[in-house]
Ligand code: HEM
């Protein structure tokens, strides 16, 4: 089953990406958090643009409803960044290869799965920084109470891709692994630069 393959096959990559994202830090400040959002925006914006080319409707999925870039931009504005700042955020220059349907779906698996862990992060942001969906934590509230159903619909789309579109599972897995690694590398690189 494609989901088990992806979940088991990316455990180490998930751990590395999680370690590169300091959002659960008890001492997280608004400034630290804004830097994380900038970095996430720089990764999502160019990758989501590429993923728009996937024939989502054939998989029974609505990509526009899943894009996280607008939520990240909204959070940055809520935290005080002018819209112009959002427009000039540097884009990741070492994106994962999303050039085949299978690889692109492996990338999307990573971006979508982040909504699961996001539920822990949203509680942490509320507790430590007092942030909610309208005050800077819209990305971490993606899908609101529908995280579970949205995830299951996405996994059903992946199964269609494998069974009816002929996507090779190992290529999906390679796309997912590369995406986790590219994100971790981008976070390490951008967050290491002094503010
Ligand atoms: C502080 C950071 C993070 C925490 C605490 C976290 C935590 C979690 C947890 C608890 C789950 C399991 C949820 C469940 O099974 O119900 C999960 C799943 C997942 N997370 Fe994260 N995560 C974090 C960061 C990320 C990042 C940065 C990504 C990628 C952009 C990511 C991608 C995924 C994926 C793809 C899954 C789904 C695994 C599956 O197939 O079931 N996570 N995360």
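For the reader, a short list of remarks on this structure follows.
- Highest-fluctuation residue, 163, 171, 18 considered, GNM on the chain with Cα pairs under 10 Å: 163
- Pairwise inverse Cα distances across the chain, averaged and inverted, put the Kirkwood hydrodynamic radius at 17.0 Å.
- With the gyration tensor restricted to C-alpha atoms of the stretch 49-145, the semi-axes of the equivalent ellipsoid amount to 26, 17, 12 Å, longest first.
- On the basis of the beta-carbon distance and an R0 of 35 Å, residue 135 and residue 87 show a calculated FRET efficiency of 0.95.
- With the simple spin-label model, which puts each label point 7 Å out from Cα in the Cβ direction, the residue 192 to residue 29 separation comes to 2.2 nm.
- Convex hull volume of the Cα atoms of the stretch 75-121, normalised per residue: 105 Å³.
- Residues 33, 139 in ascending order of nearby Cβ atoms (within 10 Å, fewest first): 33, 139.
- Set of the stretch 172-187 residues, backbone N closer than 18 Å to the point 7 Å along the Cα-Cβ line of residue 94: 175-187
- Rounded tilt (10° steps) of 147-163 against the dominant C-alpha axis of the chain: 30
- Neighbour-count ranking [beta-carbon atoms within 10 angstrom, fewest first] of 10, 29, 153: 29, 153, 10
- In this simple spin-label approximation, residue 159 and residue 50 carry label points 7 Å from Cα along the Cα→Cβ vector, and these lie 2.8 nm apart.
- Separation of the stretch 156-181 from the stretch 24-60 is 20 Å, based on Cα centroids.
- Working note: Cα gyration tensor of the stretch 43-94, eigenvalues times five, square-rooted, sorted largest first, giving semi-axes of 25, 14, 6 Å.
- Rounded tilt (10° steps) of 30-51 against the dominant C-alpha axis of the chain: 30
All of the numbers you see were taken from the coordinates with simple rules; none came from a lab. Predicted, not measured: the structure shown is a model, and the values here were computed from it. Virtual Cβ from ideal backbone geometry, glycine too; neighbours counted across all protein chains shown.
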